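The values are calculated or read from the model by the stated rules, or taken from the named source; none is laboratory data. Because the structure is a prediction, the values reported are computed rather than measured. Here Cβ is always computed from backbone atoms with ideal geometry, including for glycine, and neighbour counts include all displayed protein chains. Surface accessibility is based on the protein's heavy atoms, side chains included, excluding ligands, DNA and RNA. Shrake-Rupley method; radii C 1.70, N 1.55, O 1.52, S 1.80 Å.
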Amino acid sequence: ITIFSIALTALWAMTGGAHSPVASDRPQVVPAFIASLNESPSRPKTLVIRKIETRVEYFISRGTDLELGDPDVTVPIPPQLEFAINEVISGAGITSSKVIGAYGIQYIYMKNPADDAIVRTIDGIGGFARSSASAAGVVWKVVGSSGRLSEMLADGSYVALKATDLGGQAILTSPGKVRLAEKYDRSWKLLSNGVAAKLSQSEYGVPVFEVITPGPVTLLRSEEHTSELQSPMFISY
């Protein structure tokens with residue numbers, strides 16, 4: 001497995017990797033204001049889009065640029081999220097903001113030189129509010145987006161809970177549901193008063209935990225079912 005992995009990584013670096021957002025000769029993509037989001041307790045994400053010649057590239061940032069060695073280069077984007085992002089770029093996704101928001105993506109950043117067609121598409125598609133436009137690029141806020149870990153309230157809205165890269169802790173005052181803005185994986189566990197909460201998958205493909213009794217909850221990742229790492233993701237086409 002080790003020999004195969006080394007050979008495959010070298011092959012990727014000479015082919016597709018040479019044209020990815022992690023190439024060493026590319027300037028920094030993520031601006032300072034996005035990097036500062038990494039310190040937020042809700043751990044919001046940003047969808048970064050840029051156009052290089054005729055190719056559109058995008059990746060999901062948690063406050064930093066992608067780096068060689070990050071596990072996300074081999075982890076595919078969840079199908080529901082990939083489809084929603086492609087719909088945003090093509091202008092066909094009326095409800096794409098709900099899917100994108102479910103994965104904790106609170107901002108879309110189009111790096112300059114921005115593609116005017118994509119900018120007009122995002123402005124008019126609905127679910128995205130233009131926040132700013134500067135020499136660095138254009139920023140939109142994803143309407144209705146939640147944090148990385150959030151509690152579903154009785155009215156259907158979500159309130160962000162404090163989270164870290166691999167876990168989180170909070171105190172719930174009432175029973176309900178807790179949503180994790182990551183790709184569904186049985187390795188995620190939520191302990192409610194020391195007891196594992198029931199795990200299910202939402203319509204958007206993210207983990208949802210059912211908390212029966214109020215009290216402290218702890219999010220953690222079990223090694224028993226670990227199959228995929230949860231890190232920033234990228235794709236280009």
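Worth pointing out:
- Close pairs from region 175-191: first under 14 Å from residue 160 (Cα atoms), partner small (Gly, Ala, Ser) and crowded, with 22+ Cβ neighbours inside 10 Å, Cβ under 6 Å, at least 6 apart: 179/150; 181/104
- In region 135-160, of all residues being in a loop (DSSP other than H, G, I, E, B) and within 16 Å of residue 45 (Cα to Cα), the one that is most open to solvent (accessible area, probe 1.4 Å) corresponds to 143.
- Residues being assigned to a loop (DSSP other than H, G, I, E, B), in contact with a strand residue (DSSP E or B) (Cβ under 8 Å, 6 or more places away or on another chain) and loosely packed, with under 15 Cβ neighbours inside 10 Å - total across region 168-201: 3
- Answer residue from region 108-134, given it is under 20 Å from residue 54 (Cα atoms) and free of Cβ contacts under 8 Å to residues at least 12 places away in the same chain and is most open to solvent (accessible area, probe 1.4 Å) among those: 120
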